[in-house]
Amino acid sequence: MKKRCVALLLFCVLSVTADVFTLWPVRRRESGKGDAAAILNGTFKQLLHKEKITVNGIALEMEITQADIPFDALLARLKNSLGKQDFTAHGSTVRIGYPLSRDRVERWLLVRNGKDKTTVFHMISPAKLPPPEGWPQELPPLPAGAEVAQTLKFPRRGGVLGTFRNAAGDRRMLLRQMTRHLEGNGWIAAGAEASVSDSGGDLFIRTRNGREIIWVAAGDDGSGSCYYRKSK
């Protein structure tokens, strides 16, 4: 159970990482009343993680920090200092993007982390990412009708994350397709305490050639994610 919870936490972090690259509107700096960078950089933050990653073939660096300020307080500060058009708030997340030059954009994704803290994902990326080169061979085949949304590689940990969209079928059907393929190729579900069809996803393990893990997840809107890693 502990291993499953750790893997689930890791996959959630990776899924949020992918969310950082969602092409939300990028505003001109002069359009707002203030500067998001000045606000966020002036907030005390503890560095949690820094890692080089590859997104759709482009090498980038991601930084994750923890701000010791409640999410609601930070959101209020942004609302008071920026124009409404300069950020997008939805539920427990805030997206901000500003151009640094014609072809580079600075992006932040703020996520509520309990009552008193906010997790901040930050990176500088191309203004427009190229389309993905294809679906990683380490992952189970795409469900019927699915299109590759993006691929992320984590060279330091040897991990691969792929996200897809527009698949035919609901969450249970998509998970069932991927599960059948994995089980037919020697993978064993590690989340035996809960049926994969009743949850958002599941963790699979295989020890045929070293220790490998795969996490698969899907939604009712035809989207989904798969993460693969081989232990050294």
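Residues that are closer than 17 Å to residue 61 by Cβ and surrounded by 14 or more Cβ atoms within 10 Å (Cβ to Cβ) within segment 97-118 comprise 97, 105, 106, 107, 108, 109, listed in sequence order. Residues considered: 36, 7, 67. Of these, the only one that is more than 27 Å from residue 211 (Cα to Cα), modelled with pLDDT under 75 and among the hydrophobic types (A, V, I, L, M, F, W, C) is 36. Residues in segment 154-181 that are more than 13 Å from residue 227 (Cα to Cα) and either of a type in the set (Ser, Thr, Tyr) or part of a helix (DSSP H, G or I) (or both): 171, 172, 173, 174, 175, 176, 177, 179, 180, 181.
Given the options 110, 174, name the one that is more than 28 Å from residue 88 (Cα to Cα) and either of a type outside the set (Lys, Arg) or in contact (Cβ under 8 Å) with a residue 40 or more places away in the chain (or both). Spell out how you get there, then give the answer.
On the way: 110 fails: more than 28 Å from residue 88 (Cα to Cα).
Result of the check over 110, 174: 174.
Please count how many residues of segment 115-148 are among the hydrophobic types (A, V, I, L, M, F, W, C) and out of contact with any strand residue (DSSP E or B) (no Cβ under 7 Å at 6 or more places or on another chain). Number of matching residues: 1. The lone criterion from (1) at pLDDT 85 or above; (2) more than 14 Å from the chain's Cα centre (by Cα); (3) under 20 Å from residue 93 (Cβ atoms) left unmet by residue 58 is number (3).
Keeping to segment 72-105, report how many residues are in contact with a helix residue (DSSP H, G or I) (Cβ under 7 Å, 6 or more places away or on another chain) and of a type in the set (Asp, Glu). It would help to see each step written out before you state the result.
Step one: of segment 72-105, the residues in contact with a helix residue (DSSP H, G or I) (Cβ under 7 Å, 6 or more places away or on another chain) are 77-78, 81-83, 85-87, 89, 92, 94, 96, 98.
Checking which are of a type in the set (Asp, Glu) leaves us with 86.
Count: 1.
In segment 107-153, which residues are in a strand (DSSP E or B) and either among the aliphatic types (A, V, I, L, M) or touching a His at 6+ places or on another chain (Cβ under 6 Å) (or both)? Full working, then the answer.
Step one: list which residues in segment 107-153 are in a strand (DSSP E or B), which gives 107-113, 117-126, 147-153.
Those that are in a strand (DSSP E or B) and either among the aliphatic types (A, V, I, L, M) or touching a His at 6+ places or on another chain (Cβ under 6 Å) (or both): 108, 109, 110, 111, 120, 123, 124, 148, 149, 152.
Looking at the structure I just gave you, is residue 77 surrounded by 13 or more Cβ atoms within 10 Å (Cβ to Cβ), farther than 30 Å from residue 227 by Cβ and at pLDDT below 80? Taking the combined requirement at face value, the residue does not satisfy it.
The values are calculated or read from the model by the stated rules, or taken from the named source; none is laboratory data. This one's a predicted model, so the numbers in the text were calculated from it and none came from an experiment. Glycine also receives a Cβ, built like all others from the backbone with ideal geometry; neighbour counts cover every protein chain displayed.
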